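S.K.: Just dropping this structure here.
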DNA sequence: TTAAAAGTTTAGACAAAACTAAATAATCTT
DNA sequence: AAGATTATTTAGTTTTGTCTAAACTTTTAA
């Protein structure tokens, strides 16, 4: 698997997880920041290698081998993100770009030793689950803030959009993974939400609310 | 700088350090495990980019920019080797191949944070000096075991040949960096050397002796 | 001091991964 | 259900880094 091929597999993997339909050429082109014709070429190559199944004009899906490979790349990406944040003190908006490079290093031993060194972390700095050696992924159940219920209390467990700008916004407002958040008020007019955490009250836009993942706190007290 | 270009710069750097003459096309081809014609092509590209100066049929030398870049790659390589050995418990014969990949990760921040995380190590697991942020290299003075004097005591500070086989040989014979070694006898017939360390006596071949670097211990006692 | 040998470069091809422009298939509209 | 729109594929180029074979320098040696 070349670097380019791995990036395509990863992109297909992400798109499959988002929509459950076959992945369209255009969607892939958008995700890969490239042209549809380039995507067609690459898809053919991946189909040759039995990494995807592909019917012209119908879209593409990962084969078992393709998914296994994509998961390995995702595992490496997320482990390196943890390393960068926890060991090298990168901030969470900086880890992604470097991890994009590190995820392509080929060495099973390196990956597994790194996993061990980090203490077998379950999630990366954005709250996404880290696949284990065998490719098993423990799904975390989560609700977006925009779906949370007024009056209830939640813990922040992840972000949907891990763009640098969004993460910097959260940093600036002192929201991080693990922050306990109460839903004070949901405004139907513009879908903004007033929340409270660490004695701070804050109104966040619909856009922010959609991109912040929470988990309800069991309220037996 | 692409991956291929970086590898050429590194190879030229190593060859320059070995012989002080201009680097010949054939020597580079040998080092890069490729054909002379490919080397000529690449050299032209590097000359275009002012990374080397090149006179056809005369060989090639690194420019200031080229050397600076090569040193950066070497710095990354050696830092990653330390990381793999000290943090991830790789053995010293395993670190090289993975470091060959990691040395091409592009992030000044990563490199410098890694350096800090490792406590600013001065040498890599093979005893080679690690350039600092500014590209300065602190040369270690060392003698090969084949040049050592009978009767004197030395410390092992490095290896010339970092091939897996040689390192495994040293491991099997319990020689590592830091091992204190006495020169018992130099056999003129085959240039083998009888040494003593940790109460073990061992005869090593000329080949081994040439590839083991030592530093004399000041003997005021 | 030339002829042979060794070393190096040029010319022409190829594979990977991208692109543009043109052609073709699928879907939407009315 | 036909035409218009959108999505996708094909055909033909480009760039990077490699290769082989042929041509050309430089060095060696008689």
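S.K.: Right, residue A:209: in contact with a helix residue (DSSP H, G or I) (Cβ under 9 Å, 6 or more places away or on another chain) and more than 21 Å from residue A:81 (Cα to Cα) or not?
M.R.: Yes.
S.K.: Given the conditions (1) surrounded by fewer than 22 Cβ atoms within 10 Å (Cβ to Cβ); (2) within 14 Å of chain A (Cβ to nearest Cβ), and given that residue B:79 satisfies all but one, which numbered condition is not satisfied?
M.R.: (1)
S.K.: Taking segment B:205-221, which residues are outside any loop (DSSP other than H, G, I, E, B) and closer than 18 Å to residue B:157 by Cβ?
M.R.: Correct list: B:208, B:209, B:210, B:211, B:212, B:213, B:214, B:215, B:216.
S.K.: Quickly run through segment B:2-13 and pick out the residues that are near DNA strand D (Cβ under 10 Å from one of its atoms) and more than 14 Å from chain A (Cβ to nearest Cβ). Even if it seems obvious, please write down each step before you answer.
M.R.: First pass over segment B:2-13, keeping only residues near DNA strand D (Cβ under 10 Å from one of its atoms): B:2-8.
Passing the criteria: B:5, B:7, B:8.
S.K.: Something else about it: Could you list, ordered by first residue, the pairs with Cβ atoms under 8 Å in which the first is in segment A:88-104 and within 8 Å of chain B (Cβ to nearest Cβ) and the second is surrounded by fewer than 17 Cβ atoms within 10 Å (Cβ to Cβ) and assigned to a loop (DSSP other than H, G, I, E, B), at least 6 apart or interchain?
M.R.: If the second residue must be surrounded by fewer than 17 Cβ atoms within 10 Å (Cβ to Cβ) and assigned to a loop (DSSP other than H, G, I, E, B), the pairs left are A:101/B:106.
S.K.: Looking only at segment A:18-33, count how many residues are exposed (fewer than 15 other Cβ atoms within 10 Å of the Cβ) and at pLDDT 95 or above.
M.R.: Restricting attention to segment A:18-33, the residues satisfying the condition of being exposed (fewer than 15 other Cβ atoms within 10 Å of the Cβ) are A:18-21, A:26, A:30, A:33.
From what's left, at pLDDT 95 or above: A:26, A:30, A:33.
The qualifying residues number 3.
S.K.: For a quick check of your reading: which helices (runs of 4 or more DSSP H) sit entirely within segment A:23-126 and have at least 2 residues that are away from DNA strand D (no atom under 16 Å from the Cβ)?
M.R.: A:64-82, A:95-102, A:108-117
S.K.: So residue A:202 passes all but one of these: (1) on the phi < 0 side of the Ramachandran plot; (2) surrounded by fewer than 17 Cβ atoms within 10 Å (Cβ to Cβ); (3) not in a strand (DSSP E or B). Which condition number does it fail?
M.R.: (3)
S.K.: Does residue B:16 satisfy being closer than 21 Å to residue B:106 by Cα and either out of contact with any helix residue (DSSP H, G or I) (no Cβ under 7 Å at 6 or more places or on another chain) or within 10 Å of DNA strand D (Cβ to nearest atom) (or both)? Give the steps one after another, and end with the answer.
M.R.: Working: closer than 21 Å to residue B:106 by Cα: no; either out of contact with any helix residue (DSSP H, G or I) (no Cβ under 7 Å at 6 or more places or on another chain) or within 10 Å of DNA strand D (Cβ to nearest atom) (or both): yes.
In short, no.
S.K.: For residues in segment A:174-190 being in a loop (DSSP other than H, G, I, E, B) and within 24 Å of the chain's Cα centre (by Cα), which is surrounded by the most Cβ atoms within 10 Å (Cβ to Cβ)?
M.R.: Restricting attention to segment A:174-190, the residues satisfying the condition of being in a loop (DSSP other than H, G, I, E, B) are A:174-179, A:188-190.
Checking which are within 24 Å of the chain's Cα centre (by Cα) leaves us with A:174-179.
Details: A:174: 11, A:175: 22, A:176: 12, A:177: 17, A:178: 9, A:179: 19.
By that ranking, first place goes to A:175.
Conditions tested, residue by residue: (1) in contact (Cβ under 8 Å) with a residue 60 or more places away in the chain; (2) more than 12 Å from DNA strand C (Cβ to nearest atom).
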| residue | (1), (2) |
| --- | --- |
| B:32 | no, yes |
| B:43 | no, no |
| B:50 | no, yes |
| B:64 | no, yes |
| B:68 | yes, yes |
| B:71 | yes, yes |
| B:76 | no, yes |
| B:80 | no, yes |
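S.K.: Examine segment B:146-168 for a residue that is closer than 25 Å to residue A:114 by Cβ, touching a strand residue (DSSP E or B) at 6+ places or on another chain (Cβ under 9 Å) and assigned to a helix (DSSP H, G or I), and state whether such a residue exists.
M.R.: yes
The values are calculated or read from the model by the stated rules, or taken from the named source; none is laboratory data. Keep in mind the model is a prediction, meaning the values are calculated, not measured. Every residue, glycine among them, receives a Cβ derived from its backbone with ideal geometry; neighbour counts consider all protein chains shown.
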